[in-house]
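Colleague: Here it is: the structure, laid out below.
The values are calculated or read from the model by the stated rules, or taken from the named source; none is laboratory data. Just so we're clear, the structure is a prediction, and the values are computed from it rather than from any experiment. Quick reminder, even Gly has a Cβ in these numbers, built from the backbone with ideal geometry, and neighbours come from all protein chains shown. Please note that ligands, DNA and RNA were not included when accessible areas were found on the heavy atoms of the full protein model with its side chains. Shrake-Rupley method; radii C 1.70, N 1.55, O 1.52, S 1.80 Å.
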Amino acid sequence: MELKRLRYFVTVVDEGSITAAAKRLYMSQPPLSTQIKLLEQEVGVPLLIRGTRRVRMTDAGRLLYERARSMLELERLALIDARSAVTGMHSVRMGVVSSVGSTLLADWIARLRPSMPDISFELTEANTYQLVESVRRGLVEFAVVRTPFSADDLTCVRLTDETIVAVGYGSERITLSKLAEQPLIIYRRWAEVIERTFARHRLSAAYVCICDDARTAVEWARRGIGVAIVPHSATKSHSDITCSHIDCLDLQSDICIIHNPLSPMSEAAWSVLSSICSLYGAQ
């Protein structure tokens, strides 16, 4: 299976039509259509459903699309690694959750940077579940993530725990029962944890917003829409907000580093990973 044909297929899906994909690829439409048909013949099943204006993926096409994107990304990363051997600048591919990337990770790298002048970074910022898959597929060498998650097949090093706070309440402390009375803003992966915590204390929560990013939750709380429940580090870039300590020991999050023990990491990546772990005495 040629990478060129996979690239053509991914481009058609991304653009939504063969005509638009042909323009993006600087080629005419008939040769591109031929390449897609040859790919379908090679796979043995239809990959696209052709409409009058747009194409849609079949179930088989959707599976191939995800795999093709990973393969094309690995090709790109392999080229970067090969070039680094000549330039002497080593790129570290790491993943990070949004609530850590702009705060704690920036602090870590700023402290480590003087001892690593020949290392550059390529960050993948996503949620924990997406980063777990990126580590498994080798798209990143390691990732900084938050509990809770399940990844028994990966090596996990706990760095530190972190307090979960309420943003937008206006006082230094808040009880769980008082929190249950507020219009809450949470990000989606914490919904189950928060629901379970409230239920354990025979309380129920009312949500004004469930979103996919802690930064969004903080911004909505800053505008008075509700009270956001987020990790404390997600608030560090905002000096104009009040973080309320939640009087409940059940709400906390561990920050961890995960990597695939079966995939050899670059020497540069190991150096960065080890240095970050040493900041917390983690083993």
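Colleague: Name the strands (runs of 3 or more DSSP E) wholly within the stretch 160-217 that hold at least 3 residues that are under 26 Å from the mean Cα position of the chain (by Cα) and closer than 12 Å to residue 229 by Cα? Before the answer, list the steps.
Modeller: Details: elements: 173-175, 183-187, 206-211.
Because the criterion is at least 3 residues that are under 26 Å from the mean Cα position of the chain (by Cα) and closer than 12 Å to residue 229 by Cα, the strands (runs of 3 or more DSSP E) in the stretch 160-217 that meet it are 183-187, 206-211.
Colleague: Related question: Considering the stretch 153-189 alone, what residues qualify as being closer than 16 Å to residue 215 by Cα and of a type in the set (Lys, Arg)?
Modeller: Once the filter is applied, which keeps residues that are closer than 16 Å to residue 215 by Cα and of a type in the set (Lys, Arg), the stretch 153-189 yields 188, 189.
Colleague: With respect to the numbered conditions (1) free of Cβ contacts under 8 Å to residues at least 12 places away in the same chain; (2) in a helix (DSSP H, G or I), which one is the sole condition not fulfilled by residue 6?
Modeller: Among (1) free of Cβ contacts under 8 Å to residues at least 12 places away in the same chain; (2) in a helix (DSSP H, G or I), residue 6 violates only (1).
Colleague: Can you confirm whether the stretch 244-261 contains a residue that is touching a residue at least 60 places away in the same chain (Cβ under 8 Å) and assigned to a helix (DSSP H, G or I)?
Modeller: Within the stretch 244-261 (the criterion being touching a residue at least 60 places away in the same chain (Cβ under 8 Å) and assigned to a helix (DSSP H, G or I)), the answer is no, since none of the residues qualifies.
Colleague: Right, next: Pairs needed: first member in the stretch 49-71, over 17 Å from residue 130 (Cα atoms) and modelled with pLDDT of 85 or more; second member anywhere, open to solvent by 100 Å² or more (accessible area, probe 1.4 Å) and not β-branched (Val, Ile, Thr); C-beta distance under 6 Å; at least 6 residues apart or different chains.
Modeller: Going by the 6 Å Cβ cut-off, the qualifying pairs are 49/56.
Colleague: Those residues that are closer than 13 Å to residue 146 by Cβ and either at pLDDT below 75 or buried (at least 21 other Cβ atoms within 10 Å of the Cβ) (or both), I need them from the stretch 85-100; list them, please.
Modeller: Narrowing the stretch 85-100 to residues closer than 13 Å to residue 146 by Cβ: 95-100.
95, 96, 97, 99, 100 - these are the residues of the stretch 85-100 that are closer than 13 Å to residue 146 by Cβ and either at pLDDT below 75 or buried (at least 21 other Cβ atoms within 10 Å of the Cβ) (or both).
A quick yes/no check of all residues on (1) crowded, with 21+ Cβ neighbours inside 10 Å; (2) touching a helix residue (DSSP H, G or I) at 6+ places or on another chain (Cβ under 8 Å); (3) closer than 17 Å to residue 105 by Cβ:
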residue: 209; (1), (2), (3): no, yes, no
residue: 216; (1), (2), (3): no, no, no
residue: 219; (1), (2), (3): no, no, no
residue: 247; (1), (2), (3): no, yes, no
residue: 252; (1), (2), (3): no, no, no
residue: 276; (1), (2), (3): yes, yes, yes
residue: 281; (1), (2), (3): no, no, no
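Colleague: Out of the residues in the stretch 17-65 that are among the hydroxyl-bearing types (Ser, Thr, Tyr) and on the phi < 0 side of the Ramachandran plot, which is surrounded by the fewest Cβ atoms within 10 Å (Cβ to Cβ)?
Modeller: Per the stated criteria, the residue is 52.
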